[in-house]
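Novice: I have a structure I would like to understand better, so I am pasting it below and will then ask my questions one at a time.
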Amino acid sequence: MSIYNLKQRNAIVLCLLLVLGGFILYSLRIIAGALLSTLVLYTIFRPVYLLLTDKWKINKILTTVGIILVSLLMIVFPFLALSMMVINKIASFQQNPEAIKTLIKGIEDYIGSTFHVPHSLDLVISKLDDFAANLFPAVIGGAADIFIGVLIMYFLLYFMFTQHQSFEKGLLKYAPFKEPDAIKFATELRDTTYSNVLGQGFIAIVQGSLVSLGFIIFGIPDAVFWGVISTFLSFLPVVGAPFVFIPAALIQLSHGNETAGWGLLLWGFILIINIDNVIRLIIAKQVANMHPIITVIGVVIGIPVFGILGLVFGPLLLSYFILTFKIYERSYHAAQKEEAAKQAFEERL
């Protein structure tokens, strides 16, 4: 006869589940980016999958393979190519740090002589070596895990699509919310993903393209590279693209190229920044609006965890957390009202 009663057994099983779950989550930390990428791609391509399989009656496996190939061609390969371009350029900067110091010194001399603020960038120059030593190897080293991450992502995505009905039923069954709240959570999660990934991605591409076009118009070299950098930085609202075109303009001014310098500043502040605001308003009306504070804090959280992908995944993960908290808060208040109504009914009896 067992020395444990049913309640004690359940408590022991729950403890074992928590311990094993903790080990599993700790082990999965190295593929957290791949897991989040899978969720994002599933959310983005789910409407396409349902259209092709439910309405057009195309085979599930063929549809899934087609979606995987399209996402590779449209998202993964271009992103990897641009990332490798950035990594190669960073490597060249790392091999020649004096070139960066010379550029910064030229900007400092121009600011000092024009605005009478000498030695304004001494702190930047003094911290440059530490910055290069800490940031560049982290970015370059992170590229080694990309291939494995992509394989895991598409392996999971294949089974999520081919078995999407059982997958979504399982999510509803084990979700810690009532079914209406779980469905509402899924809808808001979809809107948040569209806003952050598709919306912010579109803004970033537009701003990066405008930066490249501005560099070409005013004869500034490495237009494509700095456009790519601007594309990544543009995931930071308002302040992203100016990190590129303002120093570039100041360098031109420090070299005596007044037309290119002032022209690029006007191009940036009149067109690039304002196109950001216009597109964000359109996105906010169509899907969901992400507050700039969430984006900035999310980037700070995401970059140490996901590397350069943290520009996207950090704000997205923070938005998911806030969304989960809101759903919990609604469920908690609903449960309180239900309990109060039950007590009032019992008191009347």
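Novice: Quick check: anything in the range 193-206 part of a loop (DSSP other than H, G, I, E, B) and touching a residue at least 40 places away in the same chain (Cβ under 8 Å)? Before the answer, list the steps.
Specialist: Taking the range 193-206 as the starting set, the residues that turn out to be part of a loop (DSSP other than H, G, I, E, B) are none.
Among the residues of the range 193-206, not one is part of a loop (DSSP other than H, G, I, E, B) and touching a residue at least 40 places away in the same chain (Cβ under 8 Å), which makes the answer no.
Novice: A further question on this structure: What single numbered condition from (1) in a helix (DSSP H, G or I); (2) surrounded by fewer than 12 Cβ atoms within 10 Å (Cβ to Cβ); (3) at pLDDT 80 or above fails to hold for SER319?
Specialist: Failed condition: (2).
Novice: I'd like to check something: does the range 173-187 contain any residue that is touching a helix residue (DSSP H, G or I) at 6+ places or on another chain (Cβ under 7 Å), at pLDDT 80 or above and either part of a loop (DSSP other than H, G, I, E, B) or over 13 Å from ILE272 (Cα atoms) (or both)?
Specialist: No, there is no match, as no residue in the range 173-187 is touching a helix residue (DSSP H, G or I) at 6+ places or on another chain (Cβ under 7 Å), at pLDDT 80 or above and either part of a loop (DSSP other than H, G, I, E, B) or over 13 Å from ILE272 (Cα atoms) (or both).
Novice: Note down all Cβ pairs under 9 Å where the first residue falls in the range 41-55 and is more than 18 Å from PHE313 (Cα to Cα), the second is surrounded by 13 or more Cβ atoms within 10 Å (Cβ to Cβ) and aliphatic (A, V, I, L, M), and they're at least six residues apart or on different chains.
Specialist: If the second residue must be surrounded by 13 or more Cβ atoms within 10 Å (Cβ to Cβ) and aliphatic (A, V, I, L, M), the pairs left are VAL48/ILE67; TYR49/ILE67; LEU52/ILE58; LEU52/ILE67.
Novice: Restricting attention to the range 68-82, and to residues there that are surrounded by 12 or more Cβ atoms within 10 Å (Cβ to Cβ) and within 16 Å of VAL48 (Cα to Cα), which single residue is modelled with the lowest pLDDT?
Specialist: Among those residues, the one meeting the criterion is ILE75.
Novice: Go through the residues of the range 246-265 one by one and say whether even a single one is within 19 Å of ILE205 (Cα to Cα), more than 26 Å from the chain's Cα centre (by Cα) and modelled with pLDDT of 90 or more.
Specialist: yes
Novice: I've got another one for you. Among VAL19, VAL40, which is the only one that is of a type outside the set (S, T, N, Q) and either loosely packed, with under 12 Cβ neighbours inside 10 Å or in the same structural domain as PRO304 (by TED's automatic domain parsing) (or both)?
Specialist: Of the residues listed, the single one that is of a type outside the set (S, T, N, Q) and either loosely packed, with under 12 Cβ neighbours inside 10 Å or in the same structural domain as PRO304 (by TED's automatic domain parsing) (or both) is VAL19.
Novice: Being among the aliphatic types (A, V, I, L, M) and surrounded by 18 or more Cβ atoms within 10 Å (Cβ to Cβ) is the filter; apply it to the range 43-67 and report the residue that is nearest to SER212 (Cα to Cα).
Specialist: ILE67
Novice: Just to be sure I understand, how many residues within the range 254-274 are farther than 18 Å from TRP226 by Cα and surrounded by 15 or more Cβ atoms within 10 Å (Cβ to Cβ)?
Specialist: 2
Novice: Another question about this same structure. Being outside any helix (DSSP H, G or I) and either closer than 30 Å to ILE294 by Cα or not assigned by TED's automatic domain parsing to the domain that holds ILE294 (or both) is the requirement here; does GLY227 meet it?
Specialist: no
The values are calculated or read from the model by the stated rules, or taken from the named source; none is laboratory data. As the structure is a prediction and not an experimental result, all values here were calculated from the model. Reconstructed Cβ throughout: ideal geometry from the backbone, glycine too, with neighbour counts over all protein chains shown.
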